[in-house]
1. Among the candidates B:231, B:251, which residue alone is surrounded by 24 or more Cβ atoms within 10 Å (Cβ to Cβ) and in a helix (DSSP H, G or I)?
2. If you go through segment B:330-342, how many residues are more than 9 Å from every other protein chain (Cβ to nearest Cβ) and crowded, with 16+ Cβ neighbours inside 10 Å?
3. May I ask you to list the residues in segment A:257-297 that are assigned to a helix (DSSP H, G or I) and without any contact (Cβ under 8 Å) to a residue 40 or more places away in the chain?
4. For segment B:30-56: of the residues being crowded, with 20+ Cβ neighbours inside 10 Å and touching a helix residue (DSSP H, G or I) at 6+ places or on another chain (Cβ under 9 Å), which is farthest from residue B:250 (Cα to Cα)?
5. Quick test for you: out of B:64, B:81, pick the one residue that is more than 16 Å from ligand 1 (Cβ to nearest atom), surrounded by 15 or more Cβ atoms within 10 Å (Cβ to Cβ) and outside any helix (DSSP H, G or I).
6. Of the conditions (1) part of a helix (DSSP H, G or I); (2) within 11 Å of another protein chain (Cβ to nearest Cβ); (3) touching a residue at least 40 places away in the same chain (Cβ under 8 Å), residue B:308 fails just one. Which one is it?
7. For the subset of segment A:17-45 comprising residues that are out of contact with any helix residue (DSSP H, G or I) (no Cβ under 8 Å at 6 or more places or on another chain) and more than 11 Å from ligand 1 (Cβ to nearest atom), which member is nearest to residue B:397 (Cα to Cα)?
8. Return yes when residue B:270 is in contact with a strand residue (DSSP E or B) (Cβ under 8 Å, 6 or more places away or on another chain) and either in a helix (DSSP H, G or I) or surrounded by fewer than 19 Cβ atoms within 10 Å (Cβ to Cβ) (or both) and no when it is not.
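The values are calculated or read from the model by the stated rules, or taken from the named source; none is laboratory data. Nothing here was measured: the structure is a model prediction, and the numbers come from that model. Cβ placement follows ideal geometry from the backbone for every residue including glycine, while neighbour counts extend to all protein chains displayed.
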Ligand SMILES: [Zn+2]
Ligand SMILES: [Zn+2]
Ligand SMILES: [Zn+2]
Ligand SMILES: [Zn+2]
Ligand SMILES: [Zn+2]
């Protein structure tokens, strides 16, 4: 059977033999044309959405996973090919969990050498004064997920601020965005639904974040890494499992199998939703202590840190917004308040 | 059959009605809401009136066409209208109803005998109403005039801010219409000859439903065989059915169409439509009132009832529904995006019981972005097939353009590599330049490429799944040709036009 198969010619150059079928368009293309198309598409995204200004210092969130590895590679290539004039820097976060990060950080270090990009590893110790291992020791295993979720979300921003970076790029791909649209729609989170297709977010207070791979299919990212022989560390999704996200992901995979364009179709839907003007949106302020986006006076991370530092680890796990003004004013807490927060009942 | 077991278990509730606090409750519609039979009826009836009253879109004396599928929800809707019109009803409804049923039997391979059988069962179920019934075989799409696809600007009535004013102006129009009756009849006769559709095709009184010509049935099958995916077939069916109903409404003077989707059905539609790229149109596709056609407005008065409430009501009060198989029924979950969405939502609803209501409430917060519509631009700013405002005039930084760039890049490497990604918006969005194929230009048979510029994002995706666009019914092909010519003309004279956004497109 195999011998009977005719070699398919690349639909793009009509010269080379096709090496793959593009998951996004269904076209059979050769390796070189695929690289070209993939890179040009990212370039188109960057130029059309005006993601960068010449001279900017751009941090690439590098986890060692496939998305950020491909992102770093493509940005490096395009920055040279099209003279973006960007200063690129890889930023990795080390949570300080012994054994956990070793492999992925090794990958990031190898990437750095291959791409000749500067790498900065920021540790929780540096950012928060606490490693994840120390936190677990203090608060117990049961509550540490509150900490790791909140701290991880901010770590990249805090690291970038330390390094004086103008913008952060993350490796979110089209699948991630489509999945988020579905999830926010199903959960009825209208504020996030409106924001989640934006290619750049958080321009006030925090450092703007952008997603140059917004229109790149996850499967094409894997193909690109595979054919470019890029070295990546395959981590499972590190975020705590979320029931809705899991469902949305499975649904999206089923949709894609039926109609490959469904991923882009959902993003198109998300980009063209129009929210009624009289629907109230939560006001977004910034944390008075660290400048991170927060709807409260103090952001969640700062409240958690305050709790850790005062020896009251339950602060920030429950609802203790009433205490924020006291924390802000550096006032001592009453005895009753202290008692409530100290008891750690694992 | 889940409905029956629910009902049986509920019969032994052993608590009293939350409303009257006296009669024993026979059903629970939501956690904690237990009703006795009579209070449930009040609740159900009140909801219907309140829905129409709150939105104030139906005027006294207006002709309203009730879209009937045989299913529980549209059966309940017709029963509500009948009840609301009856003399003893407080807050009597005061419009003039008719019923339309589209016979799609050909699509699921039914013989003429089976289709006749469906129709007679349906007539039996509707016997009590004595409303005029318009039964239209889907094959009639081949006789539609191309004007069906043109949105008419709504009369002043719909735009008047004051309800009373609107009612008066509506009544005034009606009087004027009656005075013009004589000339009107001539017009209608002319129309009939073109369309083959007879408005007085009132089959309520047992007259026979005549078999559509066999060549129309096979032409119809050709369209659907030409669609490669069930997803596309279902989208096409939806559009053709809407066009037919719109045509019946227009030729018979109905200015409103009531469509009976329940909240459960609409939640599925919402999820499916997001997945089909129809995000911009969710408020029209699923909202209470849908004015995309201009002169005929679709309203959805059943949208706040859950499928469960409807099935309770129908069982308790003897509302008969008729099971008529369609292309939507009996297909595996993963056979189309529509089926997949339904299966997914049903499963999610089982794990998270608030899913359907959350999705429904999310949709209530959405809005349709409206552009100023003038008489001149009203046709060409709209999608040829679904008749919504085109959602393809979007900037470069969009999923729409990114897709076109991908298509472009994987088909033919740009010859001068100087500035390979500086697509201007025009270049990107005119399909002719993005996906040129030699075949479509030379022949006179319309190809997919000729259609794309006339369609919204989602209808483009649908049409790309169709092998022979030329099998579409003549009214679509003719209108497409007309609009393509206008587009072509505009391209030629573009540099002389002073007002870019203004009336000419
Ligand atoms: Zn090639
Ligand atoms: Zn955790
Ligand atoms: Zn803070
Ligand atoms: Zn009662
Ligand atoms: Zn359309």
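1. B:231
2. We begin by selecting, within segment B:330-342, every residue more than 9 Å from every other protein chain (Cβ to nearest Cβ); these are B:330-332, B:338-339, B:342.
Those left that are additionally crowded, with 16+ Cβ neighbours inside 10 Å: B:338-339, B:342.
The number of residues fulfilling the criteria is 3.
3. Of segment A:257-297, the ones assigned to a helix (DSSP H, G or I) are A:257-258, A:262-272.
Residues satisfying the conditions are A:257, A:258, A:265, A:268, A:272.
4. Pass one, segment B:30-56, residues crowded, with 20+ Cβ neighbours inside 10 Å: B:34-36, B:40, B:44, B:48, B:52.
Subset that is touching a helix residue (DSSP H, G or I) at 6+ places or on another chain (Cβ under 9 Å): B:34-35, B:40, B:44, B:48, B:52.
On the way: B:34: 44, B:35: 42, B:40: 37, B:44: 31, B:48: 25, B:52: 22 Å.
Once the filter is applied, the top-ranked residue is B:34.
5. Numbers: B:81 fails: outside any helix (DSSP H, G or I).
Being more than 16 Å from ligand 1 (Cβ to nearest atom), surrounded by 15 or more Cβ atoms within 10 Å (Cβ to Cβ) and outside any helix (DSSP H, G or I) holds for just one of B:64, B:81, which is B:64.
6. (2) is the only condition that residue B:308 fails.
7. Just the residues of segment A:17-45 that are out of contact with any helix residue (DSSP H, G or I) (no Cβ under 8 Å at 6 or more places or on another chain), to begin with: A:17-18, A:21, A:26, A:28, A:30, A:32.
Among the residues that remain, those that are also more than 11 Å from ligand 1 (Cβ to nearest atom) are: A:21, A:26.
Working: A:21: 25, A:26: 22 Å.
Ranking the qualifying residues of segment A:17-45, first place goes to A:26.
8. no
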